[in-house]
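To start, the structure under review is shown below, and the notes come after it.
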Amino acid sequence: MNRFIVLLLASLLALPTISFAAPTIEELQKQIADIVEELDDLNDRLEKPERHSALDRISFSGDLRTTADSLHYQDITFNPGIKVDFDAFSADMMAGTFSTQLTDAGGNGLTFLVGDPGTNSNNIYQMLGGDLNPNANQLTPLTQMMLQNSEMVDGFMAGQLSGVMPFALAQAAQTSDINNDIMYTTRLRLNMKADIASNMNFSGRLNMYKAWGDSSGSRVFDSWDAFAMDGTSSGQPSGDTLHVERAFFNWKDIAGSDFYFSVGRRPSTYGPPSNYRENELRGGTPSGHLVNFNFDGFTIGYHLSEITGMEGQSVRFCYGQGFESEYGNGSLFNGDITSNLDDTHLGGFNIDVFNDGKTLVQATLFRAQDVVDGFTGVFAFPTQFAELFAGTLYTDMQKFSNMNFNVRYTPSTVIGNINLIALGLTREEDNGINWFASFGMTQLESNGEAGMFGGMGTDAVFEAQLSDDGSEIYMMPARAEDDDTQEGYGVYVGIQVPAPMGKFGLEYNYGSKYWTPFTQAQDDLVGSKLSTRGHVGEVYYIFDINPRAFIKIGGLYYDYEYTGSGSPVGKPVKVSDVQDGEAYSLLPVVDTAWDAYAKITMQF
């Protein structure tokens, strides 16, 4: 461009003199100066789009959010227990499966002291035949287990242990409160867009969500929300690592038609109506009441407006994969665990029935096929589980009370399928009021299989097994308690009204006993409010600082009615029954919780 300017000036100076009055030197210099100024301005305007085209083929935008939360949990109860097939246990006892005498290092047979104070040794001795059985005081895997569980001996002697019955793993329920007065988090989201052709583009979003002072990337497994896995990586604080929340291509107007196709990591988070509490436009395709979960797959859609005359009407078929059963799971060993696994497939329809920019009527229907008992994930192994299930390991872990080892959890079996459906209405009034209502249903189809934490909406039935070295009896899940199909429902309503300096919002949602949506990636610190089996109320005020920044102050109150919110694994039971010792849960159970928060968000 600079060379062009020099040549142009030289050409002007070489112009032949004309017959009429010649301009003065001063006039020529002024004309040249004006031309140079205009050319410089043109040069600047041309260079900017050229530079953008050459260097910035991807356009970036994003937002940064910092939050202060005050978290409070009331009546957290830990009352672990399992259901045991005592008929099978009795049959093994009678067959002598667990009666091989234990020996010391020298091979000498071990016995237990009958009448030992503080034990139930007398009852064990009598149950095994007493003086009539010369082997009644032998220390075997069976007598060793009974010495540690006096209630089991009393139950057998009274003839009360038969069929499938609960088996307590702790002496009594433990209940406490937890208060985290202040917790800070930062969330960074980077949006990426690029036009590839007139009918094809790329979209993506990178996400970092971290708690201040923590980038470990794993948490102690005290709830399913502490489970770091592929589908929830964007919604759980996981350190200063950038995760790919979404990355996909859009190909629209295929062959001049109204068909379009999209493939990649799907935009399946922050869908309507959950976007209103985020103070942003529709962020995802499916209903946010039913789906807030990262997955990889494709969408085939068609715009129906030209056919039906319904404004904004479109239908989309979506497919994705939620779990890969072979790669990375030790399948080359051909072990018993991986042989029971299959890939988890997700498929269904998302329909915008009507969408004119102010009113959206949306239906979401999909099915999760071959769901496993917890997706692949990473967590810190809780010491409490070692105490319950791995006595030898627990002995060593007691020496390192402030340490937990990281484990990679692999599911053990397919437990069934899940069907989900939701119908939602959102409305943006001309006076600035926004309101919405959504109703959803979920259906859990059990196949009768179960892992450690249960089957599809049902508990696991454990059976006693003997360790390979014959020294210990341990319990392993054998099957689900039943293969019944269970149905749940959820309701989600809210309103947002203009207020001084911003807007004021109220939201309420309820989930029934078997309500099981895919909203685990929702970034509520207590847990996804929309997956709650119980009641949740939220109130907030949004202060608009400018068009690209706002402050949100509010609070959430959770009142849990049933256990297992956010997971299809295990049978939900009343929280009050766990507190009273009438029911059991391998994970701690929360009765009520509240979260007071203040957030500042800046968009760029």
Every pair of residues 6+ apart whose Cβ atoms lie under 8 Å, when the first sits in the range 417-432 and is more than 13 Å from R367 (Cβ to Cβ) while the second is of a type in the set (F, W, Y) and surrounded by fewer than 20 Cβ atoms within 10 Å (Cβ to Cβ):
A422/F439; L423/F439; G424/F439; T426/W435; R427/W435; E429/W435
Of (1) crowded, with 18+ Cβ neighbours inside 10 Å; (2) under 22 Å from Y597 (Cα atoms); (3) of a type outside the set (A, V, I, L, M, F, W, C), S215 satisfies every one except (1)
So, of the residues in the range 547-580 that are in contact (Cβ under 8 Å) with a residue 60 or more places away in the chain and part of a strand (DSSP E or B), which turns out to be farthest from F60 (Cα to Cα)?
V569
Can you tell me which residue in the range 213-256 is nearest to R187 (Cα to Cα), limited to those that are in contact (Cβ under 8 Å) with a residue 60 or more places away in the chain and aromatic (F, W, Y)?
F227
Just checking, does the range 322-343 include any residue being in contact (Cβ under 8 Å) with a residue 60 or more places away in the chain, among the β-branched types (V, I, T) and touching a Gly at 6+ places or on another chain (Cβ under 9 Å)?
yes
So D544 fits all but one of (1) surrounded by 22 or more Cβ atoms within 10 Å (Cβ to Cβ); (2) over 30 Å from G448 (Cβ atoms); (3) in contact with a Phe, Trp or Tyr (Cβ under 6 Å, 6 or more places away or on another chain); what number is the exception?
(1)
Looking only at residues in the range 159-191 that are aliphatic (A, V, I, L, M) and not in a loop (DSSP other than H, G, I, E, B), which one is nearest to A88 (Cα to Cα)?
V164
Within the range 73-130, which residues are in contact (Cβ under 8 Å) with a residue 40 or more places away in the chain, in contact with a Gly (Cβ under 8 Å, 6 or more places away or on another chain) and assigned to a loop (DSSP other than H, G, I, E, B)?
N79, T100, L102
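Of everything in the range 581-604, what is in contact (Cβ under 8 Å) with a residue 40 or more places away in the chain and not in a strand (DSSP E or B)? Give them in sequence order.
So the first thing to find is which residues in the range 581-604 are in contact (Cβ under 8 Å) with a residue 40 or more places away in the chain, and the list is 581, 583-604.
Those that are in contact (Cβ under 8 Å) with a residue 40 or more places away in the chain and not in a strand (DSSP E or B): G581, A583, Y584, S585, L586, L587, P588, V590, D591, F604.
Of the residues N350, N334, N329, which single one is touching a strand residue (DSSP E or B) at 6+ places or on another chain (Cβ under 8 Å) and either modelled with pLDDT under 95 or within 18 Å of P273 (Cα to Cα) (or both)? Even if it seems obvious, please write down each step before you answer.
Numbers: N334 fails: touching a strand residue (DSSP E or B) at 6+ places or on another chain (Cβ under 8 Å); N329 fails: touching a strand residue (DSSP E or B) at 6+ places or on another chain (Cβ under 8 Å).
Within the list N350, N334, N329, the selection yields N350.
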Scan the range 80-103 for residues that are more than 11 Å from L139 (Cα to Cα) and either out of contact with any strand residue (DSSP E or B) (no Cβ under 7 Å at 6 or more places or on another chain) or of a type in the set (V, I, T) (or both) and report the count.
11
Residue in the range 380-400 that is surrounded by 21 or more Cβ atoms within 10 Å (Cβ to Cβ) and part of a strand (DSSP E or B) present:
no
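Just to be sure I understand, how many residues within the range 296-342 are assigned to a loop (DSSP other than H, G, I, E, B) and exposed (fewer than 15 other Cβ atoms within 10 Å of the Cβ)? Show your work before the answer.
Initially, the range 296-342 is screened for residues assigned to a loop (DSSP other than H, G, I, E, B), giving 304, 309-313, 324-330, 334-335, 340-342.
Then drop every residue that is not exposed (fewer than 15 other Cβ atoms within 10 Å of the Cβ), which leaves 309, 311, 326-328, 330, 334-335, 342.
Number satisfying all stated conditions: 9.
Looking at N201, N179, which one is over 30 Å from G581 (Cβ atoms) and under 39 Å from the mean Cα position of the chain (by Cα)? Spell out the reasoning first.
On the way: N179 fails: over 30 Å from G581 (Cβ atoms).
Going through N201, N179 in turn, the sole match is N201.
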Looking only at the range 41-68, and only at residues there that are open to solvent by 80 Å² or more (accessible area, probe 1.4 Å) and among the basic types (K, R), the one that is modelled with the highest pLDDT
R57
Across the range 344-356, what is the total count of residues that are open to solvent by 40 Å² or more (accessible area, probe 1.4 Å) and under 25 Å from V414 (Cα atoms)?
2
Every residue from the range 415-427 that is under 11 Å from E445 (Cβ atoms) and of a type in the set (V, I, T):
I415, I418
Residues satisfying the stated conditions in the range 357-376, i.e. open to solvent by 40 Å² or more (accessible area, probe 1.4 Å) and at pLDDT below 95
G357
Of (1) buried (at least 19 other Cβ atoms within 10 Å of the Cβ); (2) closer than 27 Å to T410 by Cα; (3) not polar (S, T, N, Q), P286 satisfies every one except (2)
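The values are calculated or read from the model by the stated rules, or taken from the named source; none is laboratory data. Treat the numbers as computed from the prediction; the structure is a model and nothing was measured. Please note: Cβ atoms are built from the backbone with ideal geometry, for glycine as well, and neighbour counts cover all protein chains shown. Just the protein is used for accessible areas: all its heavy atoms, side chains included, with ligands, DNA and RNA removed. Shrake-Rupley method; radii C 1.70, N 1.55, O 1.52, S 1.80 Å.
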